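The next block holds one structure in the form of structure tokens; read it before the comments.
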Amino acid sequence: MGSKKKNTRKKPQKTGNSHYRLFLPAVLIVVCMVMIGAGGWLFTHESGAGTGTASADEAARTSTEQPSEPVSRDVLNQLVGRWQRPDGGYVLEIGGVDSGGNLQAAYFNPRPINVSQARVTMEQNAPQVFIELNDTGYPGATYTLMFHSPQNVLAGIYYQPVVSQSFEVVFVREN
């Protein structure tokens with residue numbers, strides 16, 4: 001009655017290479033992760049990853065260096081108002097424009113941020129608004145925005161020098 005079955009399974013033999021079975025896949029995984037990380041770093045730093053940092057700087061310099069055509073009073077009046085970015089609580093308020101193209105502007109996120117420069121010029125037959133911010137967290141940050149009358153939007157580039165990146169942005173008029 002008490003017969004025991006004999007275990008016929010063979011026990012795996014230990015070889016000197018068993019530690020390589022765990023070590024080799026771990027090394028391969030680490031190497032792959034390093035290669036992916038390096039590729040991502042190269043992509044973002046070599047190609048600019050679509051940030052257009054240099055072009056935003058060039059656009060800001062171009063708008064200050066080149067003489068532009070005068071902006072009509074009707075166009076200037078279209079810029080007056082509150083403009084909000086749909087992607088956050090960022091608000092640009094344009095209170096008025098003088099004949100030289102200087103804007104009376106305020107910027108909120110949601111608290112007021114100091115506007116050090118604000119002007120409008122005509123570029124490619126459309127009004128271009130340039131705003132420079134100078135406050136904590138915003139040292140020299142700029143907006144270079146084109147006014148698109150049919151859509152009633154300001155669209156362009158926001159450059160954040162703290163992180164050396166540019167972002168495409170849109171402001172829509174608040175009702």
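The values are calculated or read from the model by the stated rules, or taken from the named source; none is laboratory data. No experiment lies behind these values; they were computed from the predicted model shown. Neighbour counts are summed over all protein chains in view; Cβ atoms, including those assigned to glycine, are modelled from backbone coordinates with ideal geometry.
The table that follows gives values for the structure above.
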| read-out | value |
| --- | --- |
| Failed item, numbered, when SER164 is tested on (1) touching a residue at least 24 places away in the same chain (Cβ under 8 Å); (2) over 22 Å from PRO110 (Cβ atoms); (3) surrounded by 14 or more Cβ atoms within 10 Å (Cβ to Cβ) | (3) |
| Criterion (exposed (fewer than 15 other Cβ atoms within 10 Å of the Cβ), at pLDDT 95 or above and of a type outside the set (A, V, I, L, M, F, W, C)) met by exactly one of GLN104, GLN124 | GLN104 |
| Residues of segment 101-136 classified as in contact with a strand residue (DSSP E or B) (Cβ under 8 Å, 6 or more places away or on another chain), part of a loop (DSSP other than H, G, I, E, B) and of a type outside the set (S, T, N, Q), total | 3 |
| Qualifying positions in segment 149-159 - over 17 Å from VAL120 (Cα atoms) and over 8 Å from the mean Cα position of the chain (by Cα) | PRO150, GLN151 |
| From GLY95, GLY140, residue being in the same structural domain as ASN152 (by TED's automatic domain parsing), modelled with pLDDT of 90 or more, surrounded by fewer than 18 Cβ atoms within 10 Å (Cβ to Cβ) and on the phi > 0 side of the Ramachandran plot | GLY140 |
| Output for segment 146-160, where each listed residue is surrounded by fewer than 16 Cβ atoms within 10 Å (Cβ to Cβ) and of a type outside the set (A, V, I, L, M) | HIS148, SER149, PRO150, GLN151, ASN152 |
